[in-house]
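To start, the structure under review is shown below, and the notes come after it.
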Amino acid sequence: MTNPKPKRPKRAPTARVLELRSQAKRDGWLKWIRQGPGEEADERAMLGGCWFSQHRADHWLDFADKYGTLTEGAWLGQKFDLLDWQAEDTSRLFGWQKHSPEWGYPVRRFKFWYEEVPKKNGKTPLLALIGNYLFFGDSFGRQINLFTCATTRKQAERLLKHSVRQVKNAPELAAYTQIRKLEGFLSLQFGDNEWFVTSSDPDSADGVNGHCLADEVHRWRGYQFFNTLRWMLASQPEGLFAAITTAGNDPDTVCRQLHDKTLAIDAGTQTDEAFLGKIYAADPTDDPHNEATWFKANPSLGTSADAPLKLSSFRQDYETAKVDPTQWHDWLQLRLNLWQTNQDSWLGKALPFGLASWDAGELKRSESNDRDPIDCFEDFTLESLHGMPCVLGFDGATVRDTTAAVLSFVDPDQPDIVRVTPKFWLPENTAIKQQETIPYREWIADGLIKTTPGDAVDFRTILDDLIDWLEPFRCHRLYFDPNFQAEWLTQELADATGAERVGFPQTFVGYGPVIRIAETMMIRRQLRHNGHRVLTWQLGNTTARTNANGDKRPVKPPEGEKKKIDGSCAMLMSLQDVVTGDGELADYYDDHDVEVL
């Protein structure tokens, strides 16, 4: 067998990037080019004409130093001195610039700012102060509208109250500000500038334009409100959507979309020059009982008098949560910023670190100091598997859904290793309709999904693709769902490839043994994948039902559900030969125990 392709080295900077870095060093702002996560994004931005203005960053810092006050609790009325992490993150937000040919002058590079940090780290006073800067300090020579947005107007007003109190603590601002009630809620007016609150009702956001301060984004449901708000930036040269939130527990939300986008941009797998994200969180593999993990996730945690989050109170909350199962998952989410999206999913329950045991992501793998792999990823290519025997699992779609096929390859030199690689298809119109909630456009552009024209799946295209896909391999068997109308396609595929065609029962009897071995292999990191994001997404969507014998089967989502699992089912079907003993793996797992760490 040809050895799998080794992991690629870090991309070397081009001569132009090196030249721009040298210029940044001479101009004194080299430190504002990120190192590691986000580095590629900043390099691309420089190539696109962006630079860092220390003057613009200092303008914000001077305003924060002069007008920042704390407005509740033991710190009521005290000066709000930005902590190092707050000063650094916001300086990056306000300091990066780009010349705008449309407006004829430099404007801010970033239009979207997403910060994810655990509770009690000073999110609200920071966002309130940013609002005051946008309203008073950053609006010279132009009229701006500012909207504080949350799930309810009452929640949005809580944030605005912090800003109002900061204004009242600054006579220089208060003297020129009208604070009034509009429809029963606070609003501010400064010259022609106006500041309102709005709720997550798309109708309430229609037609607005200006800046948006988004509060408690992890509680936002649906995408329509967020998509409406995005248009409010279009007519502003430096319109800003700013959000600070904690981790959530629902993967189908705006918050999770922004979370995933932050990680993708940091890893260099997605490009958006105008988006700045930062996540403070523990890793799923970190020990939640270790104080080092607490400090890693909480940038404001400390023991000094000026630390907003005291170690003693944090420890007390931990001691309470660790002995109360009803509090533990909330503590992990709210105090360590660990998303709890898959705790009820199949892999969330089956694997030590849930979906992260399957795919921790490129960024987490690059940051890991462990010599051993932290997940099931292996950087192999299809070319390295040419000529090898394989098994195909095929899960067909209803007319408008994804169709999936997965090949599994048992390594002839290491029979305890199986590699899987998928292929997906989707009707083009479905991709267009669901793009706002699922990143189909990015997946299609990256070659992870192929679209077929129109509203319905084109099975002739899928058949031709499968025949071409299987040509370099020796596919000796294909498994399919006999309940799906796949007679014609699977028969044609069997005739074209010589593979034996076998129906796979969609029952506990069919899936139970396969899922047991799949879980065991994932725990041992012996079921390998090469980072296909759509397959990982669908595995994260998969829930399993368990019968009285402990057998499991995947639960098919209802018609119209956007969270698909076709790839999960196809992968499991492709592993059937491992169970039946057509290979050496079945005997291997009969003779070896598994220890879950």
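Worth pointing out:
- Exclusive hit being within 30 Å of the chain's Cα centre (by Cα), part of a loop (DSSP other than H, G, I, E, B) and surrounded by fewer than 20 Cβ atoms within 10 Å (Cβ to Cβ), set ARG34, ARG44: ARG34
- Contact annotation: residue pairs with Cβ atoms under 8 Å, 6 or more positions apart or on different chains, pairing a residue in segment 308-329 that is more than 26 Å from GLN78 (Cα to Cα) with a partner that is part of a helix (DSSP H, G or I) and of a type in the set (Asp, Glu), are ALA321/ASP330.
- The set of residues in segment 37-53 being without any contact (Cβ under 8 Å) to a residue 60 or more places away in the chain and small (Gly, Ala, Ser) consists of GLY49, SER53.
- When ALA397 is tested against the conditions (1) modelled with pLDDT under 90; (2) open to solvent by less than 10 Å² (accessible area, probe 1.4 Å); (3) among the aliphatic types (A, V, I, L, M); (4) within 29 Å of LYS119 (Cβ to Cβ), the lone failure is (4).
- Every listed requirement among (1) free of Cβ contacts under 8 Å to residues at least 24 places away in the same chain; (2) in contact with a strand residue (DSSP E or B) (Cβ under 6 Å, 6 or more places away or on another chain); (3) exposed (fewer than 14 other Cβ atoms within 10 Å of the Cβ) is met by ASP468 save one, (2).
- Residues that are in a helix (DSSP H, G or I), of a type in the set (S, T, N, Q) and at pLDDT below 85 occur at least once in segment 355-373.
- Some residue of segment 129-149 being among the hydroxyl-bearing types (Ser, Thr, Tyr), assigned by the TED database to the domain that holds LEU263, within 30 Å of GLN333 (Cα to Cα) and not in a helix (DSSP H, G or I): yes
- Within segment 290-341, the set of residues being modelled with pLDDT of 90 or more, of a type in the set (A, V, I, L, M) and either touching a Pro at 6+ places or on another chain (Cβ under 7 Å) or assigned to a helix (DSSP H, G or I) (or both) comprises ALA292, ALA297, LEU311, LEU332, LEU334, LEU336, LEU338.
- Some residue of segment 185-203 being in contact (Cβ under 8 Å) with a residue 60 or more places away in the chain and within 28 Å of the chain's Cα centre (by Cα): no
- Among the residues listed as ALA243, ALA247, the single one being of a type in the set (A, V, I, L, M), part of a loop (DSSP other than H, G, I, E, B) and either in the same structural domain as GLN78 (by the TED database) or within 24 Å of the chain's Cα centre (by Cα) (or both): ALA247
- Verdict on VAL410 being at pLDDT 90 or above, among the hydrophobic types (A, V, I, L, M, F, W, C), more than 30 Å from VAL117 (Cα to Cα) and open to solvent by less than 50 Å² (accessible area, probe 1.4 Å): no
- Residue among GLY531, GLY550 that alone is under 27 Å from the mean Cα position of the chain (by Cα) and closer than 30 Å to GLN414 by Cα: GLY531
- Only listed residue being modelled with pLDDT of 90 or more and within 26 Å of THR381 (Cα to Cα), chosen from PRO472, PRO554: PRO472
- Selection within segment 7-36 - modelled with pLDDT under 95 and touching a strand residue (DSSP E or B) at 6+ places or on another chain (Cβ under 9 Å): none
- Filtering segment 204-254 to residues that are of a type in the set (Asp, Glu) and surrounded by 16 or more Cβ atoms within 10 Å (Cβ to Cβ) leaves ASP215, GLU216, GLU238, ASP252.
- Candidate set from segment 167-183 (those that are in contact with a helix residue (DSSP H, G or I) (Cβ under 6 Å, 6 or more places away or on another chain) and assigned to a helix (DSSP H, G or I)); member that is surrounded by the most Cβ atoms within 10 Å (Cβ to Cβ): VAL167
- Failed condition for SER199, given (1) in contact with a strand residue (DSSP E or B) (Cβ under 7 Å, 6 or more places away or on another chain); (2) within 25 Å of GLY348 (Cα to Cα): (2)
- Per-region count, segment 50-84, residues in contact with a His (Cβ under 8 Å, 6 or more places away or on another chain) and surrounded by fewer than 14 Cβ atoms within 10 Å (Cβ to Cβ): 1
- In the set (1) within 21 Å of the chain's Cα centre (by Cα); (2) open to solvent by 30 Å² or more (accessible area, probe 1.4 Å), PRO415 fails one condition alone, (1).
- Taken over segment 500-527, residues that are surrounded by fewer than 20 Cβ atoms within 10 Å (Cβ to Cβ), in contact with a Ser or Thr (Cβ under 8 Å, 6 or more places away or on another chain) and part of a helix (DSSP H, G or I) amount to 1.
- The residues listed here are THR490, THR451, THR430, THR461; of these, the one that is modelled with pLDDT under 95 and part of a strand (DSSP E or B) is THR451.
- Selection count, segment 435-449, where residues are surrounded by fewer than 17 Cβ atoms within 10 Å (Cβ to Cβ) and in contact with a strand residue (DSSP E or B) (Cβ under 9 Å, 6 or more places away or on another chain): 0
The values are calculated or read from the model by the stated rules, or taken from the named source; none is laboratory data. Model, not experiment: these values are computed from the prediction. With ideal geometry, Cβ positions are generated from the backbone for all residues, glycine too; neighbour counts draw on all protein chains shown. SASA here: full protein model, heavy atoms, side chains in, ligands and nucleic acids out. Shrake-Rupley method; radii C 1.70, N 1.55, O 1.52, S 1.80 Å.
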